[in-house]
Amino acid sequence: MSQKSDFGLIGLAVMGQNLVLNVESRGFQVSVYNRTTSVTDEFVAKHPGKKLVGTKTLEEFVQSLALPRKIHIMVKSTAVKDTDRDAVDAVIEQLIPLLDQGDIVIDGGNSFYQTTERRDAYLAEKGLRFIGAGVSGGEEGARKGPSIMPGGPASTWEVMKPIFESIAAKVDGEPCVIHIGPGGAGHYVKMIHNGIEYGDMQLICEAYNIFKHAGFTTDEMAAIFNEWNEGDLLSYLIQISGKALEQKDPETGKPVVELIVDKAGQKGTGQWTLMNAAENAVVISTINAAVEARILSSQKKQRVAASTQLTGPDGTVNAADKADLVKKVHDALYASKIVSYAQGLDLIRSTGEKKGWNLDLGRIAAIWRGGCIIRARFLNRITDAYRTNPTLANLMLDPFFKDVLSKTQQNWREVVSLATLSGLPVPAFSASLGYYDSYRAARLPANLLQAQRDFFGAHTYERTDKPEGQMFHTEWPEVIG
Ligand code: NBP
């Protein structure tokens with residue numbers, strides 16, 4: 001092809017290949033480069049007749065692109081500290097001498113937002129423009145339309161907007177992409193999105209575990225999830241959970257889910273979310289419980305050994321009325337999910353304010369409605385909540401969600417009690433409930449905590465009967481031994 005390409009992509013693994021096919025299908029000519037050149041050759045050969053330009057060197061790749069060049073990097077990202085350098089940095093270093101002022105480099109991998117900020121500043125020094133874009137939706141999303149969370153200068157976003165809007169998923173005609181904010185804002189929001197995804201997945205697993213221990217078959221559970229997917233809980237994760245439960249192993253005829261070892265993997269974005277929450281002193285207990293549940297699940301040998309030593313109820317859930325249990329677990333899941341989103345959005349709000357990113361939580365929730373793993377019907381409600389009140393202190397305080405929490409809470413409490421008394425772990429259900437009850441408590445036992453701190457460390461305390469900010473210390477009795 002003699003004409004220059006509109007878009008270039010480096011990194012033809014699963015995400016890169018699907019993203020290229022998506023961009024090409026919207027009428028753009030795309031140049032591609034992969035470190036291992038045989039991958040490029042095979043990819044281009046597999047798609048004859050498409051507007052693809054395969055290149056063997058980065059020089060050839062760069063020369064094949066129209067100005068200003070738009071180069072999307074989709075390679076493995078592993079750097080988590082300022083000092084770390086990974087494949088994204090390696091590619092950037094190789095590109096710099098080949099590019100012209102004003103060219104745009106996009107990192108579409110799962111990069112840590114602070115490394116994105118470092119790269120943004122570094123490339124700006126070189127006269128190059130940088131976008132750190134979170135891309136969600138896995139392989140299918142990349143091919144058919146992902147949710148995209150780009151961060152960087154607004155002026156650079158304007159150049160990228162036509163391509164990003166055309167390739168993104170669409171919901172009610174709106175593309176699931178907005179300019180999130182400057183610098184690392186896009187990758188930051190993608191990171192929290194992944195944390196929320198961890199929470200959603202764990203909550204669904206807890207619902208499944210209760211049903212399983214109440215004697216439901218996998219087909220019965222599949223039917224429940226399929227039915228839930230018609231209502232308030234409609235979401236991609238509920239949908240795939242129903243489908244996964246239906247799946248039978250061709251060899252044994254057994255449900256595939258029951259043949260899968262109960263050891264969960266993770267790639268790190270959930271842990272990054274926890275570290276970030278701790279740094280910012282924001283409570284994300286549901287997401288925390290979800291990350292920790294994966295960690296405990298991975299300690300299979302220890303759990304199997306402990307199962308014969310630590311005593312407790314055997315996990316059997318005694319539910320006389322199965323339909324009643326289904327309703328109660330539905331409500332526990334719905335309420336816990338609201339709390340999980342309230343926490344995740346609170347973290348985004350808090351960091352956004354500190355960084356001066358001017359984030360729009362309602363629009364962020366709107367671009368999660370399609371393309372991404374956490375796509376769900378109830379995100380519309382979140383968008384409505386922040387449209388009505390952009391300064392909402394906590395999602396739980398929105399009238400719609402307040403009402404749902406009020407109506408579901410009795411069932412939620414009963415499910416947490418039932419599971420706890422049955423010896424069945426529900427860490428995310430109970431963490432959510434603990435957050436709800438703590439957040440609505442006008443008085444917590446932190447008064448005794450302050451007394452303890454003052455007792456051993458003279459840390460002082462405020463008094464209920466004196467003006468705020470005035471500090472007091474008590475001469476506590478001496479303790480011997
Ligand atoms: P991988 O994360 O597995 O990365 C493989 C690609 O990176 C290959 O093209 C490989 O080239 C290239 N690469 C590596 Br590794 N080191 C390189 C280097 N030093 N220089 C140049 N290229 C190098 O691919 P993926 O699963 O498609 O994911 C791509 C990005 O998208 C990641 O950041 C990932 O976290 C993110 N993401 C993935 C998903 C998903 O569902 N998989 C979803 C959302 C986001 P080679 O062929 O020569 O080895």
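The values are calculated or read from the model by the stated rules, or taken from the named source; none is laboratory data. Predicted model, so just to flag it, every value in this text is computed and none were measured. Using ideal geometry, Cβ is built from the backbone for each residue, glycine included, and neighbour counts are taken over all protein chains shown.
Has the stretch 339-348 got at least one residue that is surrounded by 15 or more Cβ atoms within 10 Å (Cβ to Cβ), more than 26 Å from PHE211 (Cβ to Cβ), at pLDDT 95 or above and more than 20 Å from the chain's Cα centre (by Cα)?
Within the stretch 339-348, not a single residue is surrounded by 15 or more Cβ atoms within 10 Å (Cβ to Cβ), more than 26 Å from PHE211 (Cβ to Cβ), at pLDDT 95 or above and more than 20 Å from the chain's Cα centre (by Cα).
Run VAL80 past the list (1) within 16 Å of the ligand (Cβ to nearest atom); (2) in contact (Cβ under 8 Å) with a residue 60 or more places away in the chain; (3) within 14 Å of ILE10 (Cβ to Cβ) and report the number of the one that doesn't hold.
(3)
Could you identify the single residue in ASP454, ASP398 that is without any contact (Cβ under 8 Å) to a residue 40 or more places away in the chain, more than 30 Å from ALA214 (Cβ to Cβ) and under 23 Å from the mean Cα position of the chain (by Cα)?
Details: ASP454 fails: under 23 Å from the mean Cα position of the chain (by Cα).
Matching residue, one of ASP454, ASP398: ASP398.
Are there any helices (runs of 4 or more DSSP H) wholly within the stretch 145-263 with 3 or more residues that are assigned by TED's automatic domain parsing to the domain that holds ARG129, modelled with pLDDT of 95 or more and of a type in the set (Val, Ile, Thr), and if so which? Give the derivation first.
Working: elements: 154-167, 185-213, 218-228, 236-246, 256-259.
Of the helices (runs of 4 or more DSSP H) lying wholly inside the stretch 145-263, those with at least 3 residues that are assigned by TED's automatic domain parsing to the domain that holds ARG129, modelled with pLDDT of 95 or more and of a type in the set (Val, Ile, Thr) span 154-167.
Exactly one condition in (1) modelled with pLDDT under 95; (2) surrounded by fewer than 23 Cβ atoms within 10 Å (Cβ to Cβ) is not met by ASP324; state its number.
(1) is the only condition that ASP324 fails.
Which residues, counting only those in the stretch 1-17, are more than 8 Å from the ligand (Cβ to nearest atom) and surrounded by fewer than 21 Cβ atoms within 10 Å (Cβ to Cβ)?
If the condition is that a residue be more than 8 Å from the ligand (Cβ to nearest atom) and surrounded by fewer than 21 Cβ atoms within 10 Å (Cβ to Cβ), then MET1, SER2, GLN3, LYS4, ASP6 are the ones that fit.
Looking for something within 11 Å of the ligand (Cβ to nearest atom), not acidic (Asp, Glu) and not assigned by TED's automatic domain parsing to the domain that holds TRP357 - is there at least one such residue anywhere in the stretch 118-129?
No, every residue in the stretch 118-129 fails to be within 11 Å of the ligand (Cβ to nearest atom), not acidic (Asp, Glu) and not assigned by TED's automatic domain parsing to the domain that holds TRP357.
Pairs, please: C-beta under 6 Å, at least 6 apart or cross-chain, first residue assigned to a helix (DSSP H, G or I) and in the stretch 5-20, second near the ligand (Cβ under 9 Å from one of its atoms)?
If the second residue must be near the ligand (Cβ under 9 Å from one of its atoms), the pairs left are VAL14/GLU139; MET15/MET74; MET15/ALA142; GLY16/MET74; ASN18/GLU139; ASN18/ALA142; LEU19/ALA142.
Among (1) crowded, with 21+ Cβ neighbours inside 10 Å; (2) under 21 Å from LYS161 (Cβ atoms); (3) within 16 Å of the ligand (Cβ to nearest atom), which single condition is LEU65 missing?
Among (1) crowded, with 21+ Cβ neighbours inside 10 Å; (2) under 21 Å from LYS161 (Cβ atoms); (3) within 16 Å of the ligand (Cβ to nearest atom), the lone unmet condition for LEU65 is (3).
Out of the residues in the stretch 87-106 meeting the condition of being free of Cβ contacts under 8 Å to residues at least 40 places away in the same chain and within 27 Å of ILE367 (Cα to Cα), tell me which one is nearest to the ligand (Cβ to nearest atom).
That would be VAL88.
Pick from the stretch 165-192 the residues that are more than 21 Å from ASN358 (Cα to Cα) and surrounded by 24 or more Cβ atoms within 10 Å (Cβ to Cβ): which of them is farthest from the chain's Cα centre (by Cα)?
My answer is ILE167.
Can you find even one residue in the stretch 71-94 that is within 26 Å of PHE28 (Cα to Cα), surrounded by fewer than 24 Cβ atoms within 10 Å (Cβ to Cβ), more than 27 Å from the chain's Cα centre (by Cα) and not assigned by TED's automatic domain parsing to the domain that holds ILE240?
yes
In the stretch 97-106, what count of residues is obtained for those that are loosely packed, with under 15 Cβ neighbours inside 10 Å and either touching a strand residue (DSSP E or B) at 6+ places or on another chain (Cβ under 6 Å) or assigned to a helix (DSSP H, G or I) (or both)?
Residues that pass the stated criteria total 1.
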